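Asker: This structure is in structure tokens; I'll ask about it shortly.
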Amino acid sequence: MKTPRLILLHKQKTSGRVRFLCFSSGVVAFSPLPALSALRDEDYSPTVQIHPTAVMREAEIHLGLDEGAIEAEVEFAAWVDTPAGDVPILLGTFASIDPPFAAAERTNSRFIALTEARFLSEVERDLLRRAYEHVLG
């Protein structure tokens, strides 16, 4: 099994607006998925489960955020089939009232809505759709 990757989003608590953190390489933190990657079916359930705490803390450090700034969406899990093996994808939400725009700026990234994701790869668009459906219930 490969190292877990992460999708980071902010959901506005008052309006429900969802924005994803998009890096120069795409929305999967912190390195792009390889070519020929494909999202596995939602019912795919490997025997290995990933505990998200260390992954969330690593993302906070990478973005220069305080501990607890990213909360794991523990009910979300996706798997991407890559030529090098399955890659688990976790979902983290920013706990702040507003998106951490300063952290995005420091890492040359930006927040995008799902409707702005046309430039992403098919697997990343599929991951965003699944994450969006998850957080909106």
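Asker: Which whole-angstrom value gives the distance between the alpha carbon centres of segment 63-137 and segment 3-56?
Answerer: Value for the Cα centre distance between the two parts: 5 Å.
Asker: Sticking with this structure for a sec: Considering only protein heavy atoms and a 1.4 Å probe, what is the carbon-and-sulfur percentage of the accessible area of the chain?
Answerer: Solvent-exposed carbon and sulfur of the chain make up 49 percent of the total.
Asker: Could you report the chain's accessible area per residue, 1.4 Å probe, as an integer in Å²?
Answerer: 56 Å²
Asker: Additional query: Taking the simple approach of a point 7 Å from Cα along Cα-to-Cβ for both Arg118 and Phe101, what is their distance in nm?
Answerer: 2.5 nm
Asker: So, one more: Which peptide among 74-82, 36-44 comes first, and what is the full order, when sorted by highest mean count of other Cβ atoms within 10 Å?
Answerer: Working: 74-82: 16.7, 36-44: 12.4.
Descending mean neighbour count gives 74-82, 36-44.
Asker: Cβ neighbours within 10 Å, averaged per peptide: list 91-103, 114-126 in order, most packed at the top.
Answerer: Those peptides, ordered most packed to least, come out 91-103, 114-126.
Asker: Between Ile61, Ile89, Ile50, which gets the highest mean-square fluctuation from a Gaussian network model of the chain, Cα cutoff 10 Å?
Answerer: Looking only at Ile61, Ile89, Ile50, the largest GNM fluctuation is found for Ile61.
Asker: On to the next question. Using Cα atoms only, what is the angle between the long axis of helix 122-136 and the major principal axis of the chain, expressed in degrees (0 to 90) to the nearest 10?
Answerer: Computed tilt is about 60 degrees.
Asker: Multiplying the sequence separation of Phe30 and Glu67 by 0.36 nm and subtracting their Cα-Cα distance, what value in nm do you get?
Answerer: Separation in residues times 0.36 nm, less the Cα-Cα distance, equals 11.5 nm.
Asker: To the nearest 0.05, what FRET efficiency results for Thr14 and Asp126 with a Förster distance of 25 Å applied to their C-beta separation?
Answerer: My answer for the efficiency is 0.30.
Asker: Starting from the Cα of Asn108, move 7 Å in the Cα-to-Cβ direction to define the label point; list residues of segment 55-92 whose amide nitrogen is under 15 Å from there.
Answerer: Once the point is set 7 Å along Cα→Cβ of Asn108, nothing inside segment 55-92 turns out to lie under 15 Å by backbone N.
Asker: Give the long-range amide H neighbours of Phe111: residues separated by 5 or more places, or on another chain, with amide H under 5 Å away, using H modelled in the peptide plane at 1.01 Å from N.
Answerer: The list, which skips near neighbours in sequence, is Cys22.
Asker: Share of antiparallel DSSP beta bridges in the chain, in percent to the nearest 5?
Answerer: Bridges in the chain are about 80 percent antiparallel.
The values are calculated or read from the model by the stated rules, or taken from the named source; none is laboratory data. Just so it is clear, the structure is predicted and the values come from calculations on it, not from any experiment. Don't worry about glycine lacking a Cβ; one is built from the backbone with ideal geometry, like all the others, and counts go over all protein chains shown. Each accessible area value is taken on the protein alone, full model and side chains, heavy atoms only, with ligands, DNA and RNA left out. Shrake-Rupley method; radii C 1.70, N 1.55, O 1.52, S 1.80 Å.
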